[in-house]
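Engineer: Here it is, the structure, as structure tokens.
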Amino acid sequence: MTKLTLGGEWKYKNTAESLWHTGKVPGSVLADSISNNLIPNPYYRENEYAAFDLFESDYEYRRTFTVPEGFLNHARVNLVCEGIDTLAEIKLNGEVLQKCDNMHRIWVINCKEKMHAGENRISILFSSPNKYARENFNAKDITYIPAGGTPGNNFLRKGHSMFGWDWGPKLPDAGIFRDIYFEAFDTKIADVYITQIHEDEKVRVCFSVFTEGLNCERGYNEAENRVAGYCEGNSRAHRNLFAQIKITAPDSQNVWEKTVPVLNEETKTEIVIENPQLWWPNGLGSQPLYAAAVTLTGEAQLLDESSGNLADKTQLHNERSGNPAGEAQLLDEYRAKIGLRTIEVSQKPDEWGTEFAVKVNNVPIFAMGANYIPEDSVLSCVTPKRTEELIKRCAEANFNMLRVWGGGYYPDGFFFDLCDKYGILVWQDFMFACNIYDLTEEFEENISREVTDNVIRLRNHASLALWCGNNEIESGLANWGNMKNHHPKYKADYIKLFEYIIPNLLKKYDPGRYYHPSSPSSGGSFDNPDDENRADAHYWAVWHGQKPFEAYRNHFFRFCSEFGFQSFPSYKTINEFTEPADRNIFSSVMESHQKNGSANGQILHYISQNYLYPNGFKSLLYISQVLQAQAIKYGVEHWRRNRGRCMGALYWQLNDCWPVASWASVDYYGRLKALHYEAKRFFAPVTVSALDCGSEIAYYAHNDSMEGCRARLTVKLSDNRFNVLYEHSADVDIPALTALKVFDADFSSYLTGANKTEVFASYTLTPYGKAEQEGANLPAWPNFKAHPAQSGSNLFVKPKHYNFIKPNFETHITQNGEEFTLEVKADAYAKYVEVSFKNADPVLSDNFFDITSAEGVKITFTNTEFNARELQRQLEVFCIANSY
């Protein structure tokens, strides 16, 4: 197969104007308008609103390209558009080639008859998404609008959040956001579907190789002992087609190969791998990836164009294609990285209802992670490098799962490659969220192709754990007044779409993977979709309902796939989009970068419940992040303490698509909030949690690794000057995949009068080294892994009532090449200590930590911009006591 790329420079314009500008593909109207200085940065101050109005207009992109000699001699030539956003009319040499209406599809268009050798012209007209949404909303009887969204967004197969959400701007961009190219071929690999059958100490890797372009007479040639297959083209054919299958071990030391004849459009074969290296989620093992390759070869023959018979026209063939007839040629190839593992979702009945547990290699895992939204409102700004930084931050924070939320778009292939690499399981929603859909015949055909395209594109990834039909639509239609009051037809359409059409497509294209009809859902059919004793749940009473953090402890969800708490981004991030006069949370600019209408007031509500009023804008930002970290910690630790009953906690949300106040733990610029550092602690495979109740605290040890662990738990009661009033230690053997109570501590005798406002309880779980582990009363394990100590502290009053002493900090930075160690000490108890640098943004090994003793805390980081002395000058240290 031969490709002719159309990436690079194009010309584009607003169709109401005459002036053409230079554009870049992949790209978009927004990306090109910014790079040409036609509009200011839409993320700055309130520029978003003018940028939204751009899409009241239509835009045309065009370019010329040269078709080389011989390209059109192939039997088929397709235009492949991997990402067209969204309403587009494609013309080739002035003739309409295709009208597109779905950004989630891969458009493949036969175009050979409209091309010629030499110079050709292609143009793509993008129609206004705003007008389309508005016209359909006004013409139909669906009145529901998602929070922060635009009326009519549900009538367009475009990322819904591009029309706005309660964390995102209204920037419904348009353009060619993924690769676009021509492919020319006689026979090609259309797809390869790889499945696995795991048996004792071996894996059968099964290949289904799908070929396109076959139109053959076939027969077995006994003299040559091979199959003869003649695949007709326009002026050539291929015979003796073979698929060579090759698997290379992760260390490249072992290779398995097999060659099979291609007789039909689907060719099946398998390779058996003995003693396989299994792929595991992060924290449970390694992620070995085998390289799978399929090459398609065949002998070229020519056709007598007058009779259709094979003819010996080698000279003519050489002139046309440059490939000698009768010699085996490489026709096409397919390459992928695969992880060998089993994956399922267990829903067996138990004493509480029905479990909802992801099992990898037959091991039930506690899913830990967050919800992923689009990384940028300008999709072409999402790059492999940028995404890798985000996925690395997830792995470092001990995530093992991300849920790709259904209101955005299906991620690029490199997102899944990175999740394969770092061991992050993917819960993949189909792109339907918080909306009502009119299931016409045209809509059904369109979304069926969309689902098929993306299932085929993503199904071979080791990280892909499950498919989910949509976000919150079943629950909304069942319980939300502004959704459930629509015509009953739309409930019937919902059942058809999410409980018949999509699952039937999955039975055909990915039958071995679990499908969940909605999130949340108890199994479908509007059967109490929010039942906390079955399947997954979304819980928003903390935050939207303004319940205290302790309310999480009243619920024992089988799998909590959404819960969250807002915070502001860092002062550095706010500086990126504001002027000094804007830096008040109730300024019009700050409110424009807060898309949840009541959120700023809710943050202040929770501050009033927990902390003294902050002494300035920076302190307010800081306290909001501390609240967010505390809130999510309450939920996660509670559900981890109930491992077995609850088997997953995915907080809302991981990331932002623009600089904004939101539920994210990593802001738009990649800066980590307090929540992300706290997540590293509460998601640690081996950790400790404290269940406080008045003057009593119960301490729990958690082990979500594959190996048992012996550790020492030390609890101290100290005053705010580090004088120890009580200390108790105990050794604990923590079996793999368990949570257990270590002991209870009653501090009532120490909490008389005002004393409770000046003491705190600290705890540290320190796993032993290898020698001590081997003496533990635990099963032996082959690969010892040292786990870091985990610690924290508890107060016996609300922080606003605690007598914090403003500490004097002592800091020291040492350098070893690009590696730095920062030691922070204090002369008084310091809670949620934040360290930052004026001109540097290193990712720290820890931050927003407690200093509970005179020994202080050591953290490490990497930096290539500054030396230790320069960083020491830039260093800022802040804690709760500094915030009021």
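The values are calculated or read from the model by the stated rules, or taken from the named source; none is laboratory data. Given the structure is predicted, the values throughout are model-derived calculations rather than measurements. Every residue, glycine among them, receives a Cβ derived from its backbone with ideal geometry; neighbour counts consider all protein chains shown. Accessible surface areas use protein heavy atoms only, side chains included; no ligands, DNA or RNA. Shrake-Rupley method; radii C 1.70, N 1.55, O 1.52, S 1.80 Å.
Engineer: Just to confirm a number: summing +1 for Lys and Arg and -1 for Asp and Glu over residues other than Val209 whose beta-carbon lies under 12 angstrom from that of Val209, what do you get?
Structural biologist: -4
Engineer: A follow-up question, please. Can you order the peptides 554-566, 25-37 by their average number of other Cβ atoms within 10 Å per residue, highest first?
Structural biologist: Ranked from most to least packed, the peptides come out as 554-566, 25-37.
Engineer: Need one number: convex hull volume per residue for the range 539-618, Cα atoms only, in Å³.
Structural biologist: That works out to 108 Å³ per residue.
Engineer: Helix 413-422 against the longest principal axis of the chain: what's the angle in degrees, Cα atoms only, rounded to the nearest 10?
Structural biologist: Tilt relative to the chain: about 50 degrees.
Engineer: If you don't mind, there's one more thing I want to ask. The range 658-722: Rg/Rh from Cα coordinates, Kirkwood Rh? Before the final figure, lay out the partial values.
Structural biologist: Numbers: Rg = 16.6 Å, Rh = 15.1 Å.
Result for the range 658-722 is an Rg/Rh of 1.10.
Engineer: In nm, what is the difference between 0.36 nm times the number of residues separating Leu263 and Thr5 and their Cα-Cα distance? Could you put the intermediate results ahead of the total?
Structural biologist: On the way: separation 258, 0.36 × 258 = 92.88 nm, distance 3.09 nm.
Net length gain for the segment: 89.8 nm.
Engineer: Separate question: Given the rule -39500 (n - 2.57) for each run of at least 4 DSSP H residues, summed and divided by the residues of the chain, what is its mean residue ellipticity at 222 nm, to the nearest 500 deg cm²/dmol?
Structural biologist: On the way: 18 runs with 170 residues, N = 884.
That comes out to -5500 deg cm²/dmol.
Engineer: Let me ask something additional. Taking the Cα centre of the range 79-217 as the origin, how large is its charge dipole in debye, to the nearest 20, when only Lys and Arg (+1) and Asp and Glu (-1) carry charge on their Cβ atoms? Intermediate results must be reported in sequence, preceding the final value.
Structural biologist: Working: 16 positive and 20 negative charges, 134 e Å.
It comes to approximately 640 debye.
Engineer: Same structure, new question: Starting from the 7 Å offset along Cα-to-Cβ, what nm value, one decimal, do you get for the label separation of Lys858 and Arg712?
Structural biologist: If labels sit at Lys858 and Arg712, their model points lie 1.7 nm apart.
Engineer: Here's something else I'd like to know. Using the alpha-carbon atoms, what tilt in degrees (0 to 90, nearest 10) does helix 384-396 show relative to the longest principal axis of the chain?
Structural biologist: For helix 384-396, the angle is close to 40 degrees.
Engineer: To the nearest 20 debye, what charge dipole does the range 755-884 have about its Cα centre, counting +1 at the Cβ of each Lys and Arg and -1 at the Cβ of each Asp and Glu?
Structural biologist: Working: 12 positive and 16 negative charges, 96 e Å.
For the range 755-884, the charge dipole is close to 460 debye.
Engineer: Using 7 Å Cα-to-Cβ label points, what is the Thr143/Val255 separation (nm, one decimal)?
Structural biologist: Rounded to a tenth, the inter-label distance reads 6.8 nm.
Engineer: For the chain, give me the percentage of DSSP beta bridges that are antiparallel, rounded to the nearest 5 percent.
Structural biologist: Expressed as a percentage, antiparallel bridges in the chain total about 85.
Engineer: For the range 33-124, what ratio Rg/Rh do Cα atoms give with a Kirkwood hydrodynamic radius? Each step should come with its number before you reach the end.
Structural biologist: Details: Rg = 17.0 Å, Rh = 15.6 Å.
Rounded to two decimals, Rg over Rh is 1.09.
Engineer: Measuring from a point 7 Å past the Cα of His728 along Cα-to-C-beta, which residues in the range 689-708 have an amide N at less than 11 Å?
Structural biologist: Of the residues in the range 689-708, 696-699 have backbone N under 11 Å from the label point off His728.
Engineer: Average the reciprocal distances over every distinct pair of alpha-carbons in the range 403-466, invert the result, and give the Kirkwood radius in Å. Display every interim value, and only then the final one.
Structural biologist: Details: mean 1/r = 0.0783 Å⁻¹.
For the range 403-466, the Kirkwood estimate is 12.8 Å.
Engineer: For Lys741 and His21, what is the calculated FRET efficiency with R₀ set at 60 Å and r taken between the beta-carbons, to the nearest 0.05?
Structural biologist: Numbers: r = 66 Å, r/R0 = 1.10.
Using R0 = 60 Å, I get an efficiency of 0.35.
Engineer: Another one. How much accessible area per residue does the chain have, in Å², with a 1.4 Å probe?
Structural biologist: Working: 34390 Å² over 884 residues.
On a per-residue basis, 39 Å².
Engineer: Only one of the listed values, [x] 189; [y] 213; [z] 170, was derived from the coordinates as volume of the Cα convex hull per residue in Å³; which label is it?
Structural biologist: [x]
Engineer: For a 25 Å ceiling on Cα separation, which of these pairs sit above it: Lys680/Lys825; Lys348/Lys785; Lys489/Lys595; Lys3/Lys112?
Structural biologist: Listed pairs above 25 Å: Lys348/Lys785; Lys489/Lys595.
Engineer: Toward the positive end of the charge dipole of the chain, about the Cα centre and with charges on Cβ (Lys, Arg +1; Asp, Glu -1), which of Leu795, Trp256, Leu296 goes farthest?
Structural biologist: Leu795
Engineer: Can you pull the accessible area of Asp527 for me, 1.4 Å probe, Å² to the nearest 10?
Structural biologist: 80
Engineer: In addition: Compute the helix-to-body angle for 129-139: its Cα long axis versus the longest principal axis of the chain, expressed 0 to 90° and rounded to tens.
Structural biologist: Between helix and principal axis, roughly 90 degrees.
Engineer: Another question about this same structure. Which of Ala433, Thr387, Gln630 sits closest to the plus end of the dipole of the chain, meaning its Cα is farthest towards the positive end, when Lys and Arg get +1 and Asp and Glu get -1 on the C-beta?
Structural biologist: Gln630
Engineer: A further question follows. Dividing the alpha-carbon radius of gyration of the range 468-547 by 2.2 N^0.38 Å (N being the number of residues), what value is obtained?
Structural biologist: Numbers: Rg = 13.7 Å, N = 80, 2.2 N^0.38 = 11.6 Å.
Taking N as the residue count of the range 468-547, the ratio is 1.18.
Engineer: If Lys and Arg each add +1 and Asp and Glu each add -1, what is the summed charge of the other residues whose beta carbon sits under 14 Å from the beta carbon of Asn615? If you can, show how the numbers build up before the last one.
Structural biologist: On the way: positive: Lys618, Lys800, Lys806; negative: none.
After counting each charged neighbour, the total is +3.
Engineer: Which whole-number percent is the relative contact order of the chain (Cα, under 8 Å, 6+ apart)? If you can, show how the numbers build up before the last one.
Structural biologist: Values: 2066 pairs, mean separation 76.5, N = 884.
In percent, rounded to a whole number, it is 9.
Engineer: Have a look at the DSSP beta bridges in the range 411-537 and tell me what percent are antiparallel, nearest 5.
Structural biologist: That works out to approximately 10 percent antiparallel.
Engineer: Quick check: net charge around Asn93, other residues with Cβ under 15 Å of its Cβ, Lys/Arg +1 and Asp/Glu -1? It would help to have the intermediate numbers written out before the result.
Structural biologist: On the way: positive: Arg62, Arg63, Lys91, Lys112, Lys114, Arg121; negative: Glu89, Glu95, Glu113, Glu119.
Once all neighbours under 15 Å are counted, the net charge is +2.
Engineer: Explain nothing, just the number: dipole magnitude of the chain about its Cα centre with +1 on each Lys and Arg Cβ and -1 on each Asp and Glu Cβ, in debye rounded to the nearest 20.
Structural biologist: Details: 88 positive and 113 negative charges, 262 e Å.
Dipole magnitude for the chain comes out near 1260 debye.
Engineer: By how many nm would the segment from Thr757 to Asn808 lengthen if fully extended, with 0.36 nm per residue of separation less the alpha-carbon distance? Please report the intermediate quantities before stating the final value.
Structural biologist: Working: separation 51, 0.36 × 51 = 18.36 nm, distance 2.00 nm.
My answer for the length gained is 16.4 nm.
Engineer: Calculate the spin-label point distance for Tyr49 paired with Thr354, positioning each point 7 Å from the Cα along the beta-carbon direction, and give it in nanometres.
Structural biologist: According to this spin-label approximation, the distance is 4.8 nm.
Engineer: Mind ordering 457-466, 740-749 by average Cβ neighbours within 10 Å, highest first?
Structural biologist: Packing order, densest peptide first, comes out as 457-466, 740-749.
Engineer: Ok, one more. If you roll a 1.4 Å probe over the range 596-673 with all protein chains in place, what percent of the accessible area is carbon or sulfur? Walk me through the numbers on the way to the answer.
Structural biologist: Details: 860 of 1750 Å².
Answer for the range 596-673: carbon and sulfur cover 49 percent of the accessible area.
Engineer: Right, next: Return, ordered by residue number, the residues of the range 121-160 whose backbone nitrogen is under 14 Å from a label point located 7 Å along Cα→Cβ of Glu89.
Structural biologist: Backbone N within reach: 123-128.
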